[in-house]
Amino acid sequence: MVARVIPVDPFDLVIFGATGDLARRKILPGLYRRFYDGQMPESARIIGAARSNMDDAEFRTFVEDAVREFVSKRKCEAKALDAFLECLSYVPVDALGTGGWKELAAKVRPDVVQAFYFSVGPSLFGDLANRLHKHKIAGPDARIVVEKPFGHNLDTARDLNATLAKHFNEDQIYRIDHYLGKETVQNLMAVRFGNMLFEPLWNAQYVDHIQITVAETVGVDGRGAYYDKSGAMRDMVQNHLMQLLCLTAMEPPSKFDPDAVRDEKLKVIRALDPVHPDDIVRGQYKAGDDSASYLEDAENPDSLTESFIAMRVHIANWRWNGTDFYLRTGKKMKARMSEIVVRFKEPPHSIFESDTGQSANELSIRLQPNEGMDLRVTIKEPGPGGMRLIDVPLDMTFAEALGEEVADVPDAYERLIMDVIRGNQTLFMRGDEVEAAWAWTDPIIDSWTRREDRPHPYDPGSTGPEDALILLHRDGRRWRDLRK
Ligand code: NAP
C-alpha cells in the first residue's frame, strides 16, 4: 500500500536555533524527508537562524551532513538533496541583540505561510516573540512553534503564555509535544473513536487499570546540570505522560477538530485528583560497572531530583471512578520502551475449570520501539487434552499490517511541522491545557520539596526502585515487563 502524500502550501519556515541538536537530528532531516516524499513544495523556503556566523553555503553543508547522518540511504539521492538544499538559507541572528533582524525581515515573504520555530532554550522564547513583533517580521497569520519545556511551574507557564499572547493569538501558537505526533498516538484516537468495539468497554466498569510507561535506557548524558533543575516529573510527566493519559481517558470529542479535542483533554486534567505521597515512588539511578550515578551525572552529590518516577493517579469522573492509572518513566532503565496498556477486568464468572489458564484481556499501544498495537485474547489451546485456555496476541505492528511504504511513516516532528503549515492545531497543546497540567503538578512537587523527600536509588538497567514494583503489588497487580 502506498501512502498518499498531499503537498502543503508554499511556506517560509524560520528555524531559530538551526545549528542546535534538535534542528540537526530531527527538524532538518525531517523536512528533507517531507521534501523527498513530495509534501514540501520546491517553492518553500527554510531559513536557518542562530548566532553562529555562517553563510548560506556553510549552512547547506551543515544540513547536508545532518541529512546524510539521520535519513536512510535510500532517500539520500543526490538530485533530491540538491533540490532541497536550494530551499535553504541562513541569517545570523541574536535573540537578545539587534544584529540580523533587518536581514531576516527582508527574507521572509509576506505572501506565503509564515512559520517560526523556536528551537532555542526556553529563556529566549519571549525575546524571539518580542523581536518578531518589533521588526514587523511576522504577519497576522504567522505561526510560532514553541518547544518544551513550556514553563517550569504554573507561574512561569502563565508568564510565558502572557508574553506570547501580547503578539500572537492562541490560534497562531503551536506548543509542541512530539509524543502527540507519533503515529500510534493518533491511532489511539482512531481505534477508540473509529470502532464500535472498544468504546463501550472503555470505562471503570470493564477496565481494571491502565499503565502508561515511558522508559529510556540513556541517562542524563551531559545535560545533568540542566536536568537536575527539572527531574522526571517536570521533564516527562507534566507533558508527555499527561498527554498520553488525556488521549487515553478523554470523552469522545464531537468532531476531530483542534478545540473539540483539546476541550476534552482539558477536562481530564481538571478531573485529576491530587496524588497522595504514598502513591508516588521517586528514584535516582546508581552507578553501574562502567557508568556514573545520577548524582555524578548531575554534578550534585546532594541532589534530591528524581530520574525515575512511578505514580498511581485517579481521574474523578463518571467514566473512570474506580480505575487506577499508573504512570512510570525513568532513565537508565532495562529497555527503551513507551507504551500504554489497558488491562480489562476478568469475566465476571468463569464457566471453565479454575486451572485452565484464563486471564484478562489486555490492549497495549506501543509508541516505541515498533509502533503498533497488540490485543491479548484468550482462546482454546489447539489440540487434544480437553479445554485448556491460552492467551494469544492479536498483533498489529504497522510494518507488518500495512506494508513497507506505510511502515516508513513520518517521524513525529516532521508530521507536526506539516500540521503547522496546514494550520492544524489538533496535536498541539493549548495554553489552558499547559496551565492546568502545571496546576496539578505543582502541589505534588511542592509536597516532596517540603518534606525533602529523597529518591530511592535503583540499579541502571533495571525496572526502577523496588518500591515501584510494590506500588502495584499492593493492589494485586504488576507492571508489564519492559521489553526491547
Ligand atoms: P542546543 O543544541 O543547545 O541548541 C540551541 C540553539 O539555539 C543553537 O542553534 C544556538 O546556536 C541557538 N542559540 C542560543 N542562544 C541564542 C541566541 N541568543 N540567539 C539566537 N540563537 C541562539 O539545544 P537543542 O537541544 O537543539 O534544544 C532546542 C530547544 O528544543 C530547547 O528548548 C530544548 O528544550 C528543546 N528540545 C530539545 C530536544 C532535543 O532532543 N535536543 C528534545 C525536546 C525539546 P548559536 O550558539 O549559534 O546561537
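The values are calculated or read from the model by the stated rules, or taken from the named source; none is laboratory data. Because the structure is predicted, anything quoted here is derived from the model rather than measured. So basically every Cβ, Gly included, is an ideal-geometry build from the backbone, and we count neighbours across all protein chains shown.
Within region 163-181, the only residue that satisfies the criterion of being aromatic (Phe, Trp, Tyr) and closer than 15 Å to ASP259 by Cβ is TYR174. Among the residues of region 41-67, those that are touching a residue at least 12 places away in the same chain (Cβ under 8 Å), of a type outside the set (A, V, I, L, M, F, W, C) and assigned to a helix (DSSP H, G or I) comprise ASP56, GLU58, ARG60, GLU64. For region 116-147, enumerate the residues that are under 21 Å from the mean Cα position of the chain (by Cα), surrounded by 17 or more Cβ atoms within 10 Å (Cβ to Cβ) and not polar (S, T, N, Q). Within region 116-147, PHE116, TYR117, PHE118, VAL120, PHE125, ARG143, ILE144, VAL145, VAL146, GLU147 qualify. Evaluation of LEU104 against the conditions (1) within 16 Å of the ligand (Cβ to nearest atom); (2) in contact with a helix residue (DSSP H, G or I) (Cβ under 8 Å, 6 or more places away or on another chain); (3) within 20 Å of TYR174 (Cβ to Cβ); (4) part of a helix (DSSP H, G or I) shows that the sole unmet condition is (2).
Taken together, SER43, SER72 contain a single residue that is modelled with pLDDT under 95 and more than 10 Å from the ligand (Cβ to nearest atom), which is SER72. When each of ARG336, ARG328 is tested for being touching a Ser or Thr at 6+ places or on another chain (Cβ under 6 Å) and buried (at least 23 other Cβ atoms within 10 Å of the Cβ), the lone residue that passes is ARG328.
Just need a number here: residues in region 78-101 that are hydroxyl-bearing (Ser, Thr, Tyr) and more than 11 Å from the ligand (Cβ to nearest atom). Even if it seems obvious, please write down each step before you answer.
Taking region 78-101 and keeping what is hydroxyl-bearing (Ser, Thr, Tyr), we get 89-90, 98.
From what is left, the residues that are more than 11 Å from the ligand (Cβ to nearest atom) are 89, 98.
Counting residues in region 78-101 that are hydroxyl-bearing (Ser, Thr, Tyr) and more than 11 Å from the ligand (Cβ to nearest atom) gives 2.
Here GLN186 does not fit the description of being within 15 Å of the ligand (Cβ to nearest atom) and either of a type in the set (Gly, Ala, Ser) or assigned to a helix (DSSP H, G or I) (or both).
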